[in-house]
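The values are calculated or read from the model by the stated rules, or taken from the named source; none is laboratory data. Source: prediction; values computed, not measured. Each accessible area value is taken on the protein alone, full model and side chains, heavy atoms only, with ligands, DNA and RNA left out. Shrake-Rupley method; radii C 1.70, N 1.55, O 1.52, S 1.80 Å.
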Amino acid sequence: QVQLVESGGGLVQPGGSLRLSCAASGTIFSSSVMGWYRQAPGKQREPVATITSSGSTNYVDSVKGRFTISRDNADNTMYLQMNSLKPEDTAVYYCKLFQRLRAYWGQGTQVTVSS
């Protein structure tokens with residue numbers, strides 16, 4: 001069984017930065033893909049960025065150039081560095097791990113961008 005725990009959310013002013021972390025425990029395979037998703041109030045959950053164990057990344061257009069996803073395979077931790085934050089980035093951010101045809105989700109961490 002895989003467990004994911006996010007941390008690092010909070011309240012930040014527009015233009016500020018936050019770094020989210022996702023710690024994974026359990027059996028993690030080298031074929032796993034990890035990613036960050038977010039869900040704003042009244043909206044569907046959407047992908048933000050994904051990363052493979054080899055480091056290949058993908059980003060949604062709205063965060064390109066501002067967010068950076070990274071992954072430390074040695075301790076099964078994934079990060080999301082968020083810079084130049086905007087009010088529209090406000091959402092609950094979820095960590096996801098996909099392997100062997102199964103998806104695992106964290107409990108989410110709130111990010112609020114407001115002055």
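General observations
- Solvent-accessible ranking of GLU6, GLU46, largest area first, probe 1.4 Å: GLU46, GLU6
- Dimensions of segment 51-115 from C-alpha coordinates, computed as largest minus smallest value along each principal axis and given longest first, are 41, 25, 21 Å.
- With θ taken as phi - 60° and the Karplus curve 6.51 cos²θ - 1.76 cosθ + 1.60 applied, the whole-hertz 3J(HN,Hα) list for segment 53-63 is 5, 8, x, 6, 10, 9, 10, 5, 4, 5, 10 Hz, x standing for glycine and proline.
- In order along segment 70-75, phi translates into HN-Hα couplings of 8, 8, 10, 5, 5, 10 Hz, rounded to whole numbers, per the Karplus curve 6.51 cos²θ - 1.76 cosθ + 1.60 with θ = phi - 60° and x for Gly and Pro.
- Computed log₁₀ I(q)/I(0) - Debye formula, equal Cα scatterers, no solvent, the chain, q 0.13, 0.18 Å⁻¹: -0.44, -0.84
- Across segment 1-78, the relative contact order, built from alpha-carbon pairs under 8 Å that are at least six residues apart, equals 24 percent.
- Accessible area per residue (1.4 Å probe, heavy atoms of protein chains only) ranks LYS86, LYS64 as LYS64, LYS86, with the largest value leading.
- Under a 5 Å amide H cut-off, with hydrogens placed 1.01 Å from N, VAL48 pairs with TRP36, TYR37, ARG38 among residues at least 5 apart or on other chains.
- For segment 98-114, Karplus couplings with θ = phi - 60° (6.51, -1.76, 1.60), whole Hz, Gly/Pro x: 10, 7, 6, 6, 10, 10, 10, 10, x, 7, x, 9, 7, 10, 10, 10, 7
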